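J.: Let me begin by handing over the structure; questions about it come next.
Nothing in this text is a laboratory measurement; each read-out follows from the coordinates by a stated rule. Because the structure is a prediction, the values reported are computed rather than measured. Note: ideal-geometry Cβ built from the backbone for every residue, glycine included; neighbour counts use all protein chains shown.
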Amino acid sequence: MRDDKENIIVNKTYEFSLKVISFAEELRNDRKFEMASQLFKRGTSIGADVREAQNSESTEDFIHKFKIAAKEGDET
């Protein structure tokens, strides 16, 4: 499944992860540690799941990994 061409979804989820990290730091500065922790975990896992989908073993595996990314997006 992996294709090393530029991929807008991979790029956007990476950019989103960077923004989540920055916002989680702001929340920590405001002493909202639990919220920062949950946001950090869920928000950064979206990009990780999308990247993992790029290395999937089959179309079904690809779809499954993308659905996990979508669930993490909903939780975020």
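J.: Whether any residue in the stretch 7-18 is without any contact (Cβ under 8 Å) to a residue 12 or more places away in the chain, loosely packed, with under 11 Cβ neighbours inside 10 Å, within 17 Å of the chain's Cα centre (by Cα) and part of a helix (DSSP H, G or I) is what I want to check.
T.: Scanning the stretch 7-18 turns up at least one residue that is without any contact (Cβ under 8 Å) to a residue 12 or more places away in the chain, loosely packed, with under 11 Cβ neighbours inside 10 Å, within 17 Å of the chain's Cα centre (by Cα) and part of a helix (DSSP H, G or I).
J.: Looking at the stretch 32-76, which of its residues are within 19 Å of Leu18 (Cα to Cα) and β-branched (Val, Ile, Thr)?
T.: Thr44, Ile46, Val50, Thr76 - these are the residues of the stretch 32-76 that are within 19 Å of Leu18 (Cα to Cα) and β-branched (Val, Ile, Thr).
J.: Could I ask something else about it? Which numbered condition trips up Glu57, out of (1) in contact with a Leu (Cβ under 6 Å, 6 or more places away or on another chain); (2) in a loop (DSSP other than H, G, I, E, B)?
T.: The one condition Glu57 does not meet is (1).
J.: From Gly73, Gly47, which residue is in contact with a Gly (Cβ under 9 Å, 6 or more places away or on another chain), in a helix (DSSP H, G or I) and surrounded by 14 or more Cβ atoms within 10 Å (Cβ to Cβ)?
T.: Gly73
J.: Give the number of residues within the stretch 1-60 that are of a type outside the set (A, V, I, L, M, F, W, C) and touching a helix residue (DSSP H, G or I) at 6+ places or on another chain (Cβ under 7 Å).
T.: Within the stretch 1-60, residues that are of a type outside the set (A, V, I, L, M, F, W, C) and touching a helix residue (DSSP H, G or I) at 6+ places or on another chain (Cβ under 7 Å) number 15.
J.: From Glu52, Glu75, Glu34, which residue is over 15 Å from the mean Cα position of the chain (by Cα) and of a type in the set (D, E, K, R)?
T.: Glu34
J.: Moving on. Mind listing whichever residues of the stretch 21-76 are under 22 Å from Glu6 (Cβ atoms) and among the β-branched types (Val, Ile, Thr)?
T.: Passing the criteria: Thr44, Ile46, Val50, Thr59, Ile63.
J.: Would you check if Glu26 is more than 15 Å from the chain's Cα centre (by Cα), assigned to a loop (DSSP other than H, G, I, E, B), among the acidic types (Asp, Glu) and exposed (fewer than 12 other Cβ atoms within 10 Å of the Cβ)?
T.: In short, no.
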